[in-house]
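Engineer: Okay, here's the structure, questions in a sec.
The values are calculated or read from the model by the stated rules, or taken from the named source; none is laboratory data. This structure is a prediction, so every number in the text was calculated from the model and none was measured. Please note: Cβ atoms are built from the backbone with ideal geometry, for glycine as well, and neighbour counts cover all protein chains shown.
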Amino acid sequence: MRKIDIFDTTLRDGEQAAGINLNTAEKVEIARQLEKLGVTIIEAGFPASSPGDFEAVQRIAKLVKNSTVTGLARAMKSDIDRSWEALRVAEQPHLHIFLATSPIHMKDKLMKTPDQVVDIAVESVKYARKKFPLVQWSAEDAFRSDPEFLVRIINQVIAAGATTINVPDTVGYATPAEYGALFKYLKENVTGIDNVKLSAHCHDDLGMATANTIAAIENGADQVEGTINGLGERAGNVALEEIAVALHIRKDVYGFETALNLHEIKRTSQLVSQLTGVVIQPNKAVVGKNAFAHESGIHQDGMLKNRETYEIITPELIGATVEPLALGKHSGRHAFSDRAISMGFELSDEKINEAFIEFKSLADRKKEITENDLFVLFTDQQIQSADTPVYELKNVQVQYGTDNVPTATVSVITPSGEETSRAASGSGSVEAIFNTLEELVEGKIHILDYRVTSIGKGRDALGEAVINLSVNDEESTGRDIAQDVLEATAKAYLNAINRHLISEDGQVKKTSVFS
Ligand code: KIV
Ligand code: ZN
């Protein structure tokens with residue numbers, strides 16, 4: 001069976017999605033999980049785009065040993081040099097250079113002629129190959145490019161030393177038949193195409209990314225690029241879990257496989273959703289929470305008689321197994337630490353102790369601590385060191401009655417270490433909290449998006465709040481969890497402000513939203 005390489009770009013194309021901002025500790029945690037999932041390549045970021053991206057790519061390149069780590073670069077020496085600085089420590093340094101090849105991009109965005117684009121592409125690949133043993137070259141907007149021009153430029157970048165050629169459908173415009181035909185055409189017409197890896201990269205604007213990617217594989221693609229949960233610009237990238245499971249379940253038809261450890265899919269999906277704050281739609285293929293739910297009586301009856309009547313994928317395949325017993329306030333440290341290990345967390349004794357204190361305080365208020373609660377608790381502990389608190393919530397109190405104006409009183413510890421309180425009203429409890437916090441942080445803040453969801457089931461489930469806001473035109477996303485959604489809301493707001501004040505590598509870059 002032919003092996004298809006999986007190139008994960010959750011930390012680069014996925015992170016480009018509106019409202020996502022991951023700090024270095026969170027990116028590292030996702031990279032560690034992608035390595036466990038068994039992806040072939042992790043695109044850890046775009047080193048020249050910001051110091052935060054540089055730092056994250058470098059840390060991931062040092063840490064990850066079983067997947068190749070790459071970074072994105074424009075076709076320019078300064079980007080390639082910066083990427084080399086970040087990636088030279090990797091086991092197998094790999095660079096991903098891109099340059100647009102469609103008429104509209106070349107003329108209106110790059111303002112270059114096709115000949116100039118060929119020269120820039122060739123020069124950049126030659127330059128990169130002086131440093132990197134592996135260089136992937138992407139023809140941005142390849143699908144809307146002239147196929148003959150694609151053949152010409154790809155011939156030349158292969159001759160210049162490119163080791164992988166990526167053919168993206170950047171704007172998600174292709175149909176499966178067309179995208180497959182483009183791969184067939186390139187396979188038949190590019191000189192030396194069999195000596196390089198051919199890669200597909202699909203966006204989901206017309207909801208065809210999965211079908212397009214599979215069509216590319218059927219027509220010669222050796223590698224597929226995508227993200228976990230289909231995160232990405234606009235409608236997102238192809239969801240890698242869908243590709244891997246489709247190839248596995250329908251291997252009778254396709255005859256291809258990936259090296260992914262499918263049992264790690266659920267956990268990877270859950271981690272990415274938690275850290276990005278992007279909720280997975282319930283009916284999402286493979287990882288949605290209803291993907292294995294059978295509601296109608298006829299279906300349930302069929303399932304009881306033979307699961308295969310209505311189930312083509314088992315939850316076990318993707319690691320969505322039956323929850324083990326919940327822990328409670330009488331559970332000891334030993335059982336707690338064993339559970340962390342069985343859930344795949346590698347926490348130091350100090351972190352286990354911290355998590356155990358939080359667990360005990362939660363168990364005083366909540367009867368059963370479920371697997372979902374523990375997942376959130378352990379994950380937060382794992383990434384905590386980078387979340388240096390700048391503003392810290394001390395207390396939030398809300399007065400609400402259907403006939404009264406809601407008023408919030410909030411106390412916080414400010415970056416200078418003082419405790420300070422304010423009160424303000426609003427048209428609802430949440431707005432009253434937002435107004436009070438805005439006075440406390442002394443800034444002009446716009447709330448762009450706000451969501452509250454429950455972690456797990458039951459009336460005493462934990463609440464998670466995610467807030468996307470802008471401070472002086474800079475967007476920031478914060479999230480936090482508490483048993484009360486109003487407390488979670490206040491903490492998520494301050495988390496977003498803190499992320500604005502702290503650089504991605506955990507250093508305090510300013511102590512006030514105006515400085
Ligand atoms: O969609 C795209 O074209 C990209 C390139 C940078 C590969 O993400
Ligand atoms: Zn893309």
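Engineer: Please count how many residues of segment 92-127 are in a helix (DSSP H, G or I) and either touching a Ser or Thr at 6+ places or on another chain (Cβ under 6 Å) or charged (D, E, K, R) (or both).
Structural biologist: So the first thing to find is which residues in segment 92-127 are in a helix (DSSP H, G or I), and the list is 103-110, 114-127.
With the extra rule that they be either touching a Ser or Thr at 6+ places or on another chain (Cβ under 6 Å) or charged (D, E, K, R) (or both), the set shrinks to 107-109, 115, 119, 123, 126.
Qualifying residue count for the region: 7.
Engineer: Something else: Taking segment 262-291, which residues are more than 18 Å from the chain's Cα centre (by Cα), assigned to a loop (DSSP other than H, G, I, E, B) and either surrounded by 15 or more Cβ atoms within 10 Å (Cβ to Cβ) or of a type in the set (A, V, I, L, M) (or both)?
Structural biologist: 291
Engineer: Which pairs do you get when a residue that is within 18 Å of residue 274 (Cβ to Cβ) and without any contact (Cβ under 8 Å) to a residue 60 or more places away in the chain, found in segment 2-19, comes within reach of a residue that is within 14 Å of ligand 2 (Cβ to nearest atom) and part of a strand (DSSP E or B), reach meaning Cβ atoms under 8 angstrom, with the pair 6+ apart or on two chains?
Structural biologist: Once the first residue is within 18 Å of residue 274 (Cβ to Cβ) and without any contact (Cβ under 8 Å) to a residue 60 or more places away in the chain and sits in segment 2-19, its partners that are within 14 Å of ligand 2 (Cβ to nearest atom) and part of a strand (DSSP E or B) give 11/43.
Engineer: Can you tell me which condition residue 144 does not meet? The list is (1) buried (at least 22 other Cβ atoms within 10 Å of the Cβ); (2) within 13 Å of ligand 1 (Cβ to nearest atom), and all the others hold.
Structural biologist: Only one criterion is unmet by residue 144, namely (1).
Engineer: If you take the residues of segment 161-219 that are charged (D, E, K, R) and either within 16 Å of ligand 2 (Cβ to nearest atom) or in contact with an Asp or Glu (Cβ under 6 Å, 6 or more places away or on another chain) (or both), which of them is nearest to residue 130 (Cα to Cα)? Give the steps one after another, and end with the answer.
Structural biologist: So in segment 161-219, the residues charged (D, E, K, R) come out as 169, 178, 184, 187-188, 194, 197, 204-205, 218.
Okay, now just the ones that are also either within 16 Å of ligand 2 (Cβ to nearest atom) or in contact with an Asp or Glu (Cβ under 6 Å, 6 or more places away or on another chain) (or both), so 169, 197, 204-205.
On the way: 169: 29, 197: 19, 204: 35, 205: 37 Å.
Ranking the candidates gives 197 first.
Engineer: If residue 17 satisfies all but one of (1) away from ligand 2 (no atom under 16 Å from the Cβ); (2) in contact with an Asp or Glu (Cβ under 8 Å, 6 or more places away or on another chain); (3) farther than 27 Å from residue 154 by Cα, what's the number of the condition it fails?
Structural biologist: Here residue 17 clears every test but (1).
Engineer: Return yes when residue 135 is among the β-branched types (Val, Ile, Thr) and not in a helix (DSSP H, G or I) and no when it is not. Write out each step before concluding.
Structural biologist: Details: among the β-branched types (Val, Ile, Thr): yes; not in a helix (DSSP H, G or I): yes.
So residue 135 passes the test.
Engineer: Restricting attention to segment 213-233, which residues are within 15 Å of ligand 1 (Cβ to nearest atom) and either surrounded by fewer than 23 Cβ atoms within 10 Å (Cβ to Cβ) or closer than 28 Å to residue 274 by Cα (or both)? Even if it seems obvious, please write down each step before you answer.
Structural biologist: First pass over segment 213-233, keeping only residues within 15 Å of ligand 1 (Cβ to nearest atom): 213, 216, 221, 223-227, 230-233.
Once the filter is applied, which keeps residues that are within 15 Å of ligand 1 (Cβ to nearest atom) and either surrounded by fewer than 23 Cβ atoms within 10 Å (Cβ to Cβ) or closer than 28 Å to residue 274 by Cα (or both), segment 213-233 yields 213, 223, 224, 225, 226, 227, 230, 231, 232, 233.
Engineer: What's the number of the only condition in (1) over 29 Å from residue 318 (Cα atoms); (2) within 27 Å of the chain's Cα centre (by Cα); (3) of a type in the set (Gly, Ala, Ser) that residue 102 fails to meet?
Structural biologist: It is condition (2) that residue 102 fails.
Engineer: What residue, among those in segment 300-336 that are among the polar types (S, T, N, Q) and part of a helix (DSSP H, G or I), is modelled with the lowest pLDDT? Steps first, answer last, please.
Structural biologist: First, pick out the residues of segment 300-336 that are among the polar types (S, T, N, Q): 300, 306, 309, 314, 321, 331.
With the extra rule that they be part of a helix (DSSP H, G or I), the set shrinks to 300, 309.
Details: 300: 77, 309: 87.
Ranking the candidates gives 300 first.
Engineer: It is to be established whether one or more residues within segment 232-239 are in contact with a helix residue (DSSP H, G or I) (Cβ under 9 Å, 6 or more places away or on another chain) and under 19 Å from residue 28 (Cβ atoms).
Structural biologist: The initial filter retains those residues of segment 232-239 that are in contact with a helix residue (DSSP H, G or I) (Cβ under 9 Å, 6 or more places away or on another chain), namely 232-233, 235-239.
Add one more test, that the residue is under 19 Å from residue 28 (Cβ atoms), and what stays is none.
So far as segment 232-239 goes, no, none of its residues is in contact with a helix residue (DSSP H, G or I) (Cβ under 9 Å, 6 or more places away or on another chain) and under 19 Å from residue 28 (Cβ atoms).
Engineer: For segment 161-176, check the following and say yes or no: at least one residue is away from ligand 1 (no atom under 16 Å from the Cβ), modelled with pLDDT of 95 or more, over 32 Å from the mean Cα position of the chain (by Cα) and surrounded by 15 or more Cβ atoms within 10 Å (Cβ to Cβ). Lay out the reasoning, then the answer.
Structural biologist: So the first thing to find is which residues in segment 161-176 are away from ligand 1 (no atom under 16 Å from the Cβ), and the list is 161, 175-176.
This time we only want the ones that are modelled with pLDDT of 95 or more, so: 161, 175-176.
Checking the rest, the ones that are also over 32 Å from the mean Cα position of the chain (by Cα) come to none.
No, segment 161-176 contains no residue that is away from ligand 1 (no atom under 16 Å from the Cβ), modelled with pLDDT of 95 or more, over 32 Å from the mean Cα position of the chain (by Cα) and surrounded by 15 or more Cβ atoms within 10 Å (Cβ to Cβ).
Engineer: Is there a residue in segment 138-154 that is in contact (Cβ under 8 Å) with a residue 60 or more places away in the chain, in the same structural domain as residue 13 (by TED's automatic domain parsing) and under 23 Å from residue 48 (Cβ atoms)?
Structural biologist: Taking segment 138-154 first, the residues in contact (Cβ under 8 Å) with a residue 60 or more places away in the chain are 138.
Keeping just the survivors that are in the same structural domain as residue 13 (by TED's automatic domain parsing) gives 138.
After this cut, where a residue has to be under 23 Å from residue 48 (Cβ atoms) as well, the list is 138.
Yes, the conditions are met somewhere in segment 138-154.
Engineer: Separate question: Select from segment 183-212 the residues that are surrounded by 15 or more Cβ atoms within 10 Å (Cβ to Cβ) and among the β-branched types (Val, Ile, Thr) and write down the one among them that is nearest to the chain's Cα centre (by Cα).
Structural biologist: 210
Engineer: If you take the residues of segment 1-44 that are of a type in the set (Asp, Glu) and closer than 30 Å to residue 219 by Cα, which of them is nearest to ligand 1 (Cβ to nearest atom)?
Structural biologist: Quick first cut of segment 1-44, residues of a type in the set (Asp, Glu) only: 5, 8, 13, 15, 26, 29, 35, 43.
Subset that is closer than 30 Å to residue 219 by Cα: 5, 8, 13, 15, 35, 43.
Numbers: 5: 15, 8: 13, 13: 5, 15: 12, 35: 22, 43: 9 Å.
Ranking the candidates gives 13 first.
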